[in-house]
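One structure below.
The values are calculated or read from the model by the stated rules, or taken from the named source; none is laboratory data. Just so we're clear, the structure is a prediction, and the values are computed from it rather than from any experiment. Cβ placement follows ideal geometry from the backbone for every residue including glycine, while neighbour counts extend to all protein chains displayed.
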Ligand code: KG4
Ligand code: ZN
């Protein structure tokens, strides 16, 4: 299937990798025509985390209405859509399969290309979607519930993995600490809210691997929080939350600055759910100011899972690689690999 990919190419993006059912229409890889996100947070909250079977079932029920709403909000008919892009991984296999099956069925029915998108690559486009004037190369700090990566983006579709977590992801650490402190789910926003009332310097939690390299580790920090609370049952929860958050932010910002200096980047961009954290955003702004870097901080709704970033990544993938085969599956452990020599 030959496709001309240009500024008028309108792509329907679909995202179902975890607990958000999302659809969006994006033109030319950067112009968001409509974006709809239906969160399942309330369905999973009482379980303290995402329950895969519940997520798959909810995606099944929600996806068609969410796609319909994205089309109505955009005011376009299905014959205007040029391609359907969908997350093929990483994520929960049952949840991914709902989106992949729907995307392939729509692409077949409308006779347009299907484009499989790596969810992690899509997060890299969040900053560019909101600020098309991004000057490359940038270092993107992608911190989500499942991943923590530092990526150098030289141009769309060309990137180098510079560092990553060797154990827990930053969001996972927020979620686990929140659960332990009884702050509820999802953990990141809950910890952030409580941390406002606490002293970030109250407890000196460890900052693993802070002074060397670009990889990070949060598993020891999580254990240190647990041990501290067990040893000091009367400790102020707000101080624990604020001190934990300060340790995560400190390590992420030190590593991101080091990465930007090593590759001579022009700017630093954020992506992934943890990038919605105000303390992290402020620290990144300060660091960029001090280092003469441009800071790209996507809006909070663009940091967390959405389908606009999937459609944007789909536009670039279609331009660079053409359509994906219809026997493409769902890949729960899909990784982000460098397209450039490391
Ligand atoms: O990118 P995302 O929406 O989904 C994944 O692809 O994982 O990220 C979700 C993660 C969760 O771990 C959540 O606790 C964290 O992002 N998160 C935050 C905040 N908002 C969401 N972490 C810290 N502060 C926040 N404000
Ligand atoms: Zn995500």
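Descriptive notes on the structure:
- Candidate set: segment 72-98, residues that are in a helix (DSSP H, G or I) and touching a helix residue (DSSP H, G or I) at 6+ places or on another chain (Cβ under 7 Å); chosen: the one nearest to residue 8 (Cα to Cα): 78
- Taken over segment 179-188, the criterion of being in a helix (DSSP H, G or I) and near ligand 1 (Cβ under 7 Å from one of its atoms) is satisfied by 187, 188.
- In a residue-by-residue description of segment 321-331, the property of being buried (at least 20 other Cβ atoms within 10 Å of the Cβ) and assigned to a helix (DSSP H, G or I) applies to no position.
- Any hit, segment 46-60, residues being under 24 Å from residue 130 (Cβ atoms) and either in a strand (DSSP E or B) or not assigned by TED's automatic domain parsing to the domain that holds residue 174 (or both): no
- Residue tally, condition near ligand 1 (Cβ under 10 Å from one of its atoms) and under 16 Å from residue 93 (Cα atoms), over segment 113-128: 2
- Scan of segment 199-224 for residues that are without any contact (Cβ under 8 Å) to a residue 12 or more places away in the chain and either outside any loop (DSSP other than H, G, I, E, B) or touching a helix residue (DSSP H, G or I) at 6+ places or on another chain (Cβ under 7 Å) (or both), ordered by number: 223
- Against the list (1) modelled with pLDDT of 95 or more; (2) buried (at least 21 other Cβ atoms within 10 Å of the Cβ); (3) in contact with a helix residue (DSSP H, G or I) (Cβ under 6 Å, 6 or more places away or on another chain), the condition residue 273 fails is (1).
- Taken over segment 271-302, the criterion of being in contact with a strand residue (DSSP E or B) (Cβ under 6 Å, 6 or more places away or on another chain) and within 7 Å of ligand 1 (Cβ to nearest atom) is satisfied by 272, 274.
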